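Just so you know, all these numbers are worked out from the coordinates, no wet-lab data involved. The structure displayed is predicted, hence computed values, not measured ones. Cβ coordinates were reconstructed from backbone atoms using ideal geometry, including for glycine residues, and neighbour counts include every protein chain displayed.
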């Protein structure tokens with residue numbers, strides 16, 4: 001970790017450096033929405049690789065889950081997610097604040113405290 005910096009801030013900084021380097025060295029210049037499309041496609045590819053690591057193919061013999069490979073795929077997914085956040089103007093603070101608010105809303109929905117329809121809670125759920 002970079003001394004004295006928040007881990008999420010460091011991740012965003014490093015991802016920005018990597019993206020900028022790749023764009024500059026490869027001469028890539030796309031509008032924001034096209035970059036996000038590319039990042040989504042890359043993330044889908046990484047999600048498929050993650051799925052392969054956890055034996056989703058019921059028609060094949062399962063193999064032991066390789067924890068290092070599993071973790072590697074999750075990190076790859078994070079790379080593309082953070083790239084999308086940066087491209088969309090979502091900095092670490094705004095991501096954190098959005099996550100906290102959404103997490104609270106998700107808990108509220110599960111306990112019947114949300115105004116959103118479709119989350120009715122029965123006594124058994126409480």
**Report entry** Between 0 and 90°, nearest 10: helix 7-26 axis offset from the chain longest Cα axis
**Finding:** 40 degrees
Query raised in the report: What is the calculated FRET efficiency for residue 103 to residue 44, with r their C-beta to C-beta distance and R₀ = 30 Å, to the nearest 0.05?
Result: 0.75
Query - C-alpha center-to-center spacing [region 97-123, region 24-58] in angstrom - result: 30 Å
Report summary line: The simple spin-label model distance between residue 51 and residue 28, using points 7 Å out along Cα→Cβ, in nm, is 2.3 nm
Requested in this report: Let me have the relative contact order for the chain, percent, based on Cα pairs under 8 Å that are six or more residues apart.
Outcome: 26 percent
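Between residue 122 and residue 18, what length in nm is gained on full extension when 0.36 nm per residue of separation is reduced by their alpha carbon distance?
Working: separation 104, 0.36 × 104 = 37.44 nm, distance 4.88 nm.
Extra length from residue 122 to residue 18 when fully extended: 32.6 nm.
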Report task. Could you work out the Rg to Rh ratio of region 2-73, with Rh taken as the Kirkwood radius (inverse of the mean 1/r over all Cα pairs)? Result -> 1.11
Report summary line: Among [x] 39, 15, 13; [y] 19, 17, 14; [z] 31, 25, 16, the value of semi-axes √(5λ) of the Cα gyration tensor in Å computed for this structure carries the label [z]
Query raised in the report: Could you work out the helix-only [θ] at 222 nm for the chain, with each DSSP H run of four or more residues adding -39,500 (n - 2.57) and the total divided by the number of residues, to the nearest 500 deg cm²/dmol?
Result: -22500 deg cm²/dmol
Query raised in the report: Roughly how tilted is helix 32-53, in degrees to the nearest 10 and between 0 and 90, from the longest Cα axis of the chain?
Result: 70 degrees
Report task. Can you tell me the 0 to 90 degree angle between the C-alpha axis of helix 67-87 and the longest principal axis of the chain, rounded to 10? Result -> 80 degrees
